[in-house]
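Bear in mind that the values in this text are calculations on the coordinates, not laboratory data. These figures come from a predicted structure and were not determined experimentally. All Cβ positions, glycine included, derive from the backbone under ideal geometry; neighbour counts span all protein chains shown.
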Amino acid sequence: MPISLVVEGLSAKRGEDLIFKDISFILAAGDALVVTGANGSGKSTLLRVLAGLLAAESGSMRMEGMSADIGHPRELCHYLGHRNAMKRELTVEENLSFWKSFMGDSPGGAGIGIEDAAEALGLGGISHLPFGYLSAGQQRRMAMAKLLVAYRPVWLLDEPTAALDASADRLFATLVTRHLGAGGIVVAATHQPLGVEAGELRMTGFAGVAGELV
Amino acid sequence: MTSLFLRDLKLAMRAGGGALIGVLFFMTVVAVVPFAVGPDLNLLSRIGPAILWIGALLASLLGLDRLFQAEREDGSLDLMLMQETPLVLTVLMKCLAHWTATGLPLVIAAPLLGLFMNMNEVAIGATMLTLLAGTPAITLIGAAGAAVAVTLPRGGLLVSILVLPLTIPVLIFGVSAAYAAVEDPAPFLPPFLILIAITLFFAVIGPLSAALALRAASD
């Protein structure tokens with residue numbers, strides 16, 4: 001059964017100020033949503049609220065169409081934030097195999113092997129190196145490999161392609177397309193075009209201005 | 001879960017992990033005491049268990065603040081908060097790994113330092129046993145303190161100050177059990193069992209409050 005992500009009347013505060021309010025959308029399996037807007041307009045906040053890392057001021061999000069019982073929608077999400085969530089001291093392989101076994105797979109799919117994931121990001125053969133030895137772009141790509149080693153139907157991506165070169169951009173677009181094709185859902189905050197068909201949510205910023213779905 | 005345990009152990013052993021800093025500190029503290037107290041062997045053996053316990057307590061407070069802060073800085077904490085695995089279990093597993101990397105070496109180093117303090121074999125054995133039973137409680141209490149201070153950039157001292165009062169019962173019962181083993185009239189078992197009870201109690205309370213604090217601290 002295809003899943004869908006339903007968000008209703010979401011609003012969130014940072015300190016005393018409302019960053020956004022009344023954001024509602026429905027994403028069905030295979031849909032992507034690109035969140036755009038100026039710096040500070042609340043893109044990251046929206047993603048963190050969706051990831052369950054920030055409490056929403058009001059509104060709700062839920063997953064529909066899941067066969068298995070789940071506790072909270074965040075358990076079905078990958079969150080790729082600004083930070084890579086990889087340890088510099090450990091090798092790439094140790095990092096990825098830790099996340100693979102720690103996160104496990106959501107019902108409905110399976111993660112791919114570590115070497116395969118590194119290959120898919122165009123970095124095969126260097127997974128024996130400590131993560132700290134890699135360049136910023138390579139580190140970012142290896143962080144993306146996390147998306148592949150553990151299966152999650154929903155990907156929440158916060159400026160995924162910052163620090164990436166043009167070829168890695170295209171590579172990443174292929175991965176996103178493949179994920180969408182397999183019935184996944186992607187929500188990405190980005191300044192650059194993601195390279196896939198997507199709805200756009202333009203965040204207009206501070207103090208009670210609602211985002212509009214274009 | 002075992003993968004988290006192994007990863008944290010590996011991190012502690014690698015460069016900059018700081019697993020052995022605690023032992024070094026422990027050795028430094030205990031090694032300077034005979035110089036300060038003087039060569040009175042009877043006095044040294046009398047205060048030995050207490051000095052060992054104080055050294056172990058201070059050494060296990062060292063590095064506690066990094067328990068969650070390092071995870072938060074590189075974004076790993078975000079992912080841990082999102083998983084299906086209950087956060088309490090994640091915290092408990094991190095505490096176990098932290099204790100194995102920093103607490104267990106203290107227990108193993110204790111006999112050597114006991115010799116510095118002219119302690120006899122019974123006193124050394126009893127101190128080792130009480131350290132083995134008691135130091136996990138310090139880590140578990142410390143986890144709650146570390147979670148509260150996770151967003152503070154210089155939380156190290158604050159964690160120690162938050163945690164120290166709560167560890168006083170551990171110190172009291174640990175030292176009194178160690179003394180009871182050498183001094184005849186006092187029974188060893190009651191304080192030792194209370195020490196174990198404290199550890200078990202904090203094995204529940206510590207991770208629970210740490211998990212609550214981590215959820216509340218997310219920003």
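Tell me which lysines have Cα within less than 29 Å of A:K87's Cα, excluding those fewer than 8 residues away on the same chain?
Within the straight-line limit of under 29 Å, A:K87 reaches these lysines: A:K43, A:K100, A:K146, B:K10, B:K94.
Given H placed 1.01 Å from N in the peptide plane, which residues other than close sequence neighbours of A:G37 have an amide H under 5 Å from its amide H?
Amide H to amide H, under 5 Å and 5 or more residues apart or across chains, A:G37 pairs with A:M203.
Where a Cα-Cα gap under 15 Å defines reach, which aspartates and glutamates qualify for A:K21, not counting those fewer than 8 residues away within the same chain?
Result set, ordered by chain and number: A:E8, A:E57, A:E212.
Mind checking the dipole of chain A: about its Cα centre, +1 per Lys or Arg Cβ, -1 per Asp or Glu Cβ, Debye to the nearest 20?
340
Along each of its three principal axes, how wide is the spread of alpha-carbon positions in the protein assembly as shown, in whole angstrom units, largest first?
Cα extents, longest axis first: 83, 46, 38 Å.
Give the percent of DSSP beta bridges with both residues in the protein assembly as shown that are antiparallel, rounded to the nearest 5.
If I count the DSSP bridges inside the protein assembly as shown, around 50 percent turn out antiparallel.
Calculated from DSSP H runs of 4 or more alone, at -39500 (n - 2.57) each and per residue, what is the 222 nm mean residue ellipticity of chain B, nearest 500?
One gets -27000 deg cm²/dmol as the mean residue ellipticity at 222 nm.
Could you give the angle, 0 to 90 degrees to the nearest 10, between helix A:166-181's Cα long axis and the longest principal axis of the Cα atoms of chain A?
Once rounded, one gets 70 degrees.
Normalised by the number of residues in chain B, what is the relative contact order in percent for Cα pairs under 8 Å and 6+ residues apart?
Details: 287 pairs, mean separation 58.6, N = 219.
Over chain B, the number comes to 27 percent.
Please list the non-local residues whose amide H lies under 5 Å from the amide H of A:Y79, H modeled 1.01 Å from N, same-chain partners needing a gap of 5 or more.
Amide H to amide H, under 5 Å and 5 or more residues apart or across chains, A:Y79 pairs with A:L156.
What list of ³J(HN,Hα) values in whole Hz, one per residue of region A:28-37 in order, does the Karplus curve 6.51 cos²θ - 1.76 cosθ + 1.60 (θ = phi - 60°) give from phi, with Gly and Pro shown as x?
8, 4, x, 8, 10, 10, 9, 9, 10, x
Would you pull out the residues with amide H under 5 Å of A:D22's amide H, same chain only if 5 or more places away, H placed 1.01 Å from N?
Here the answer is A:L10, A:S11, since their amide H atoms fall under 5 Å of that of A:D22.
Farthest toward the dipole's positive end in chain B, which of B:G18, B:C95, B:G134, given Cβ charges of +1 (Lys, Arg) and -1 (Asp, Glu) about the Cα centre?
The residue sitting most towards the positive pole is B:G18.
Could you order the peptides B:168-178, A:193-203 from most to least packed, using the average number of other C-beta atoms within 10 Å per residue? Write out the running numbers ahead of the final one.
Details: B:168-178: 21.9, A:193-203: 16.6.
Ranking, from highest mean packing down: B:168-178, A:193-203.
Rank A:F20, A:A32, A:L201 by how far each Cα sits towards the positive end of the charge dipole of region A:4-213 (+1 on Lys, Arg Cβ; -1 on Asp, Glu Cβ) and give me just the farthest.
Among A:F20, A:A32, A:L201, the one farthest towards the positive end of the dipole of region A:4-213 is A:F20.
Just order B:195-207, A:40-52 by mean Cβ neighbour count inside 10 Å, highest at the front, would you?
Peptide ranking by packing, descending: A:40-52, B:195-207.
If you take every DSSP beta bridge fully contained in region A:4-213, what fraction is antiparallel? Give it as a percent rounded to 5.
50
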